[in-house]
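The values are calculated or read from the model by the stated rules, or taken from the named source; none is laboratory data. Since the model is a prediction, treat every value here as computed from it, not as a measurement. Glycine also receives a Cβ, built like all others from the backbone with ideal geometry; neighbour counts cover every protein chain displayed. Ligands, DNA and RNA are stripped out before the accessible areas are found, and what is left, the full protein with its side chains, is counted by its heavy atoms. Shrake-Rupley method; radii C 1.70, N 1.55, O 1.52, S 1.80 Å.
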Amino acid sequence: MDLSQGPCLTTLVVFENTINKELIRSLHVYRLENGEENEVEREFVFRKDGPYVETAAAPLLLLQGVPAHELFEGRVIGLWLCSFAFHIHRLPRFFFIPSLLSISRNPKLKSIPTLANDLQLIFQRGCGTEDRGPSRELSKETCTRDGDNHYHLKRSLLVLDQDLNGLPNSGATSELLKSRQTEQNATGVAVKKKKRADSKDVARIALEDLAKYFDLPIVEASRNLNVGLTVLKRKCREFGIPRWPHRKIKSLDGLIRDLQEEAEQRQQDEAAAYAVAKRRMMLETEKESIEKEPFIELKSETKRFRQDIFKRRHKARALKN
């Protein structure tokens with residue numbers, strides 16, 4: 001992207017509100033002709049039963065003082081969780097835009113052109129990063145400014161109907177991949193390659209589908225969902241899950257089992273049995289909350305209780321030895 005021809009987009013970061021899922025904030029950074037950068041923060045309401053609208057936005061993210069180039073997916077600033085981050089100088093090898101921010105999958109984005117135009121430009125650039133031959137030469141970029149100092153970039157480039165679960169290569173390469181689905185190894189035995197999950201099937205995966213496998217390691221969960229590990233991680237970021245919650249749930253299950261054994265040993269002491277049952281109920285409630293909202297961290301009280309159990313076990317082993 002040639003940044004010397006006018007004010008052009010260099011960074012776009014999108015945040016979702018962790019309490020009100022309809023609130024979306026975006027931070028746009030444009031490079032001006034004189035080399036300086038202009039940061040614009042916007043807020044939108046993604047209505048489920050109506051068109052998306054842009055509202056007046058106070059610079060909440062800019063006031064935090066975090067440089068835009070240091071923001072990444074999964075970063076939390078107050079009540080805002082970063083769900084998408086684009087930096088022109090750090091383009092990934094495989095480009096991915098969440099379904100919520102994809103114009104082809106979410107046509108309601110067209111009602112907020114200040115965000116849709118920049119997302120469309122980023123998607124077009126992502127399609128063209130792998131192949132820059134004459135047949136897919138990028139057209140010239142033009143930047144315009146409206147009365148509200150909003151900079152827009154326009155580029156005449158076809159939007160490809162691309163499988164986001166595959167490589168962003170040309171049609172010829174795609175045909176070559178299909179023809180190589182069966183290969184012969186060194187011994188001459190035909191080996192069938194595992195077929196990639198279709199992008200439509202990946203798009204239909206809901207949070208409830210992921211929740212069924214939260215108690216498994218992420219590798220096993222990806223096998224059960226019939227998707228690749230990278231695709232599953234991208235899907236997690238789409239739902240605001242910065243880390244697969246298997247370890248948290250496994251830790252809670254272990255604590256619940258320990259309490260169950262302790263309750264069986266203290267059946268004669270009613271007060272102690274009641275306290276153990278109460279603690280167990282709190283842990284089971286916390287486990288259900290994490291399964292519904294997997295980005296939630298363990299409570300500090302639970303962490304202290306887990307640490308106490310670790311200390312008791314260590315002390316018991318030391319005395320035994």
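In the assembled protein chains, H314 presents an accessible area of approximately 120 Å² (probe radius 1.4 Å). Of the accessible area of the range 244-321, computed with a 1.4 Å probe over protein heavy atoms only, carbon and sulfur atoms account for 48 percent. Legend: calculated FRET efficiency, N226 to R75, from the Cβ-Cβ distance at R0 = 25 Å, rounded to 0.05, equals 0.25. The calculated FRET efficiency for the pair E264 and K303, based on their C-beta separation and a Förster distance of 25 Å, comes to about 0.50. Using a probe of 1.4 Å, the accessible surface attributed to S300 totals some 70 Å² when neighbouring protein chains are kept in position.
Which residue, V276, H314, G254, has the largest displacement toward the positive end of the dipole of the range 245-319 when charges sit on each Cβ (Lys, Arg +1; Asp, Glu -1)? The Cα lying farthest towards the positive end belongs to H314. From the square roots a ≥ b ≥ c of the eigenvalues of the alpha-carbon gyration tensor of the range 205-300, which class results: rounded (a/c under 1.5), prolate (a/b over b/c), or oblate? In terms of gyration-tensor shape, prolate.
For E238, E70, what's the largest-to-smallest order of accessible area, 1.4 Å probe?
Highest to lowest solvent-accessible surface, that is E70, E238.
Which of rounded, prolate or oblate describes the range 245-319 when judged by the alpha-carbon gyration tensor and an a/c cut-off of 1.5? Since a/c reaches 1.5 but b/c is at least a/b, the shape of the range 245-319 is classed as oblate. In a fully extended conformation the segment linking F295 and T18 would gain 98.8 nm over its present Cα-Cα distance, using 0.36 nm per residue. Note on exposure: S111, S83 ranked by accessible area (1.4 Å probe, complete protein assembly) read S111, S83, with the most exposed listed first. Solvent-accessible surface (1.4 Å probe) assigned to D118 amounts to roughly 0 Å².
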